[in-house]
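Have a look at the structure below before the remarks.
The values are calculated or read from the model by the stated rules, or taken from the named source; none is laboratory data. Worth saying up front: this structure is predicted, and the values here are computed from it rather than measured. Cβ placement follows ideal geometry from the backbone for every residue including glycine, while neighbour counts extend to all protein chains displayed. Just the protein is used for accessible areas: all its heavy atoms, side chains included, with ligands, DNA and RNA removed. Shrake-Rupley method; radii C 1.70, N 1.55, O 1.52, S 1.80 Å.
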Amino acid sequence: MMIPQGRPMKRRDFLQSASAATLAALAAGSPSALARSSARRETPNFRRGPSTADRVIVLWMAGGMAHTETFDPKAYTPYETGLDPNRVLSTFPSIPTAVDGIRFSEGLEQIAAIMDRGTVCNTYTAGDLGFILHSRHQFHWHTGYAPPQTVAAPHIGAWIAKTLGPLNPDMPAFIDIGQKFSVGEAEELKAFHTAGFLGAEHGPFMIPDPADAVSAIRPPGGMSTKRFQRRNELFKRLADASPIGQHGSEYQRESLMRSMDSAHRLLTSPAATAFDLSLEPRATYDAYNTGKFGLGCLLARRLCESGARFIEVTTEYEPFKRFDTHEDGHSRMGELKELIDAPIARLILDLEERDLLDRTLVVLASEFSRDMVTEGKPGKKVRDQVNVPKEMTEPKHYGMHRHFTDAGSLLLFGGGIGRGVKFGTTADERPCKTLDRPVRIEDLHATIYHALGIPPDHGYVTESRPFYVTKDGKGTPILDLFPA
């Protein structure tokens, strides 16, 4: 599908292009491995040697987490009626962390206490995608490719599952926790929660509610084993009648069947107990239980212990909720910090206690940041989507409302990443933009792949087109994030 030049992509365009790419993927045969070029083999930006990580956990702050309100605080301005929005950079005071020279925003005390175990990067620069749709930037972050694409681009978790395979053959290699698809922009979210042309067997095993994760791998109550087996055969017949079964290539149909067989095998495997949070000591359960995200972190730790390769835990994207703070930004950010602070810190400490942190790369990220005044970035401002008043007349105006793409915060722990490090600098005055060491999505992905021992130009040929783990195979790992 072609978008007329000069016209910004709209929601309908996104859906049409994603649908067209998905239909093309159905007919695609088995992707063939792409040989790395000799020039790329000689490049210094992929350091050979043993990998530093075996698995990845992504903690996804869905909706646009404001960097100046979390991990890159600026001057604090308390609320008062009649306040000029231009004066407001941060609505929380800053607090010290375990590392001299690194400060976070008030409300993140527990994560601050463990920063001697990780790196904070405040210079993630989101792609210039024109008019800002959350789902488009989330697609870009998770696949490394900006929509529209003529090829169904795989999620980063699917690439990792396909390339490295499972750590435990009974455990799904790629597990997504916390996102349901009965919300606004549901179809756009589905567009990147997929393995694309790699095949269904490498796609995400979805756990919408971690508190009820066990139901995803257990037959319904009262159902006999024989009856459940019959139901599984019925599911296979239904799969034959699905779009993949009817229109998919032989490779795509076989991949779907392998996916179903793997899910069925999990039911009788000892690995299934990892999904049962009731087996956790009550004190541990309560320590994580700040809500669905907190329990997702607990589930991620259990799945990591049982051999999952890639796990994503999301605060869940839903328009105008959670980190999508178009109003009431200050009060909602306070609630969000209570949601994420304790379970993230506990996850890192638990992984460390179990000798898993060194080989587990944990990445906290969001699609972009927020600012009171600027929509987009300086010099590339896009149409405003929020009417911020000239003066604040009520508390709902106090907070980060607009989408800001010129800087954003990342946290990285484990997996060979440096400890107690601050990477990159942003301006202390508006616009609080990236000043040095910008991090683009292709380079962040290349860094994640690098930790796993996957070169940035690893890829396959599909539909007669080379397709790589990073855009055009040109991502550059940020080797400065790894201690020499």
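Summary of the geometry: segment 361-378 and segment 82-143, compared by the centres of their Cα atoms, lie 7 Å apart. For q values of 0.21 Å⁻¹, compute log₁₀ I(q)/I(0) with the Debye formula on a Cα-only model of segment 81-220, without solvent. With no solvent term, the Cα-only Debye profile gives -1.19. Normalised size of segment 72-118, defined as Cα radius of gyration per 2.2 N^0.38 Å with N residues, equals 1.35. One equal scatterer on each Cα of segment 297-369, no solvent, Debye formula: the resulting log10 I(q)/I(0) at q = 0.12, 0.15, 0.17 Å⁻¹ is -0.40, -0.59, -0.72. Note on segment 377-484: with charges restricted to the Cβ of Lys and Arg (+1) and Asp and Glu (-1), its dipole about the Cα centre is near 260 debye. Residues whose amide H lies under 5 Å from that of Lys377, counting only those 5 or more places away or on a different chain, are Val382, Thr405; hydrogens are built 1.01 Å from N in the peptide plane. Per residue, the solvent-accessible area of segment 329-484 (1.4 Å probe, heavy atoms of protein chains only, all protein chains present) comes to 38 Å². You can think of it this way: the chain between Glu109 and Val373 has 92.3 nm of extra reach, that is 0.36 nm per residue less the Cα-Cα gap. Relative contact order of segment 52-122, taken over Cα pairs closer than 8 Å and 6 or more residues apart, is 27 percent.
Converting phi to 3J(HN,Hα) with the Karplus coefficients 6.51, -1.76 and 1.60 and the offset θ = phi - 60°, segment 427-434 yields 5, 8, 10, 5, x, 7, 8, 5 Hz in sequence order, with x at every glycine or proline.
Scanning residues 5 or more positions from Thr426 or on other chains, those with amide H under 5 Å from its amide H are Leu435, with H placed 1.01 Å from N in the peptide plane. Heavy-atom accessible surface of segment 99-139, averaged per residue, reaches 29 Å², computed with a 1.4 Å probe.
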